[in-house]
1. Looking for something within 20 Å of V190 (Cβ to Cβ), within 14 Å of the ligand (Cβ to nearest atom) and surrounded by fewer than 16 Cβ atoms within 10 Å (Cβ to Cβ) - is there at least one such residue anywhere in region 91-98?
2. Go through the residues of region 153-169 one by one and say whether even a single one is outside any helix (DSSP H, G or I) and aliphatic (A, V, I, L, M).
3. For residues that are over 21 Å from T127 (Cβ atoms) and either of a type in the set (V, I, T) or not assigned by TED's automatic domain parsing to the domain that holds V17 (or both), scanning just region 30-65, find the one that is nearest to the ligand (Cβ to nearest atom).
4. What is the residue count in region 215-252 for residues that are modelled with pLDDT under 95 and under 19 Å from E15 (Cβ atoms)?
5. Can you tell me which residues in region 1-15 are more than 8 Å from the ligand (Cβ to nearest atom) and either over 18 Å from the mean Cα position of the chain (by Cα) or part of a helix (DSSP H, G or I) (or both)?
6. Taking G185 as the residue in question, decide whether it is modelled with pLDDT under 95 and part of a loop (DSSP other than H, G, I, E, B).
7. In region 135-147, is there at least one residue being touching a residue at least 40 places away in the same chain (Cβ under 8 Å), in the same structural domain as Y182 (by TED's automatic domain parsing) and more than 16 Å from the chain's Cα centre (by Cα)?
8. Please go through region 25-55 and give me each residue that is closer than 17 Å to A248 by Cβ and either surrounded by fewer than 20 Cβ atoms within 10 Å (Cβ to Cβ) or without any contact (Cβ under 8 Å) to a residue 24 or more places away in the chain (or both), ordered by number.
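The values are calculated or read from the model by the stated rules, or taken from the named source; none is laboratory data. These numbers come from a predicted model, not from an experiment. Note: ideal-geometry Cβ built from the backbone for every residue, glycine included; neighbour counts use all protein chains shown.
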Amino acid sequence: MDLELWHFPISHFNEKVRWALDWKRLPHRRRALGWDYVPRTWWATGQLSVPILWIDGRAVHDSTRIIAELEHRCPEPALYPQDPALRARALALEEFCDEQLGHAVRTAVLGPLLYRDPEAALDVLTTGMAPRTRRILGAAVPAFRAFYTQRHKIRPEIIKAEQKKVRDGMNRIVSEIGSSGYLVGDSFTVADLTAAALLGPIAQPGELEYKPPAPLSPLMEEYRSTVAYHPALRWAVDMFGRHRGVSAEAAASGF
Ligand SMILES: N[C@@H](CCC(=O)N[C@@H](CS)C(=O)NCC(=O)O)C(=O)O
């Protein structure tokens, strides 16, 4: 199977798919998109978001659909439980994390930067991209910020509410962890992978392959300190430590 991932290195939804590819030990190429991602993603899929995974020349977008396709084509090692009831629960938790947690985490972490230190936001968002992307976007910071906040529906007045949504999401995750330490059944599933990957920007586990510039922006640290107590973050760090594994990237490439 020929696999090429189009991704934003810093993105947690993209980390979700990288983790699935690596977990299944599927050799793949990675292309970090940059400032001109809009025409590329539109041409490939008729929508703008990454991750996009090219599977034998066909572009599949959306992390949940990509993992479903990988699971179908390469069932072992499994991310979906065998038991139908457990599988339904794992998929429901994946959906919950995608919709309730992933977007809120983006706003919670990046919202303060975008409005109070947009240069720092750009440094974070262009992590792992070609240097020209940082230069080009850096020459048009207000336009970039307007575009990014509009695309992701980030407004100053909703940041606090989205940060509360993150706390509620983390409470739900903790309440779903079973005696096995996993969210569903007694082994690692797509539910654990999704929850941990989407909490990555807050938890900042050592296994993250694409880390934001160090030291972290004080605004990021300020937000992280308000949730540092939360057991969901320790759980996410533990999931990364035990299950993130090594990269199956076959060759790095760029446009
Ligand atoms: N539901 C999608 C969400 C993906 C997503 O939000 N991707 C962001 C990066 S974190 C993106 O591509 N943003 C650029 C845009 O949509 O214009 C998934 O699970 O793949």
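1. Yes: one or more hits.
2. Yes, region 153-169 contains a residue that is outside any helix (DSSP H, G or I) and aliphatic (A, V, I, L, M).
3. T64
4. Matching residues across region 215-252 total 7.
5. M1, D2, L3, E15, listed by residue number.
6. no
7. Yes, region 135-147 has at least one match.
8. Those that are closer than 17 Å to A248 by Cβ and either surrounded by fewer than 20 Cβ atoms within 10 Å (Cβ to Cβ) or without any contact (Cβ under 8 Å) to a residue 24 or more places away in the chain (or both): R25, L26, P27, R29, R31, W54, I55.
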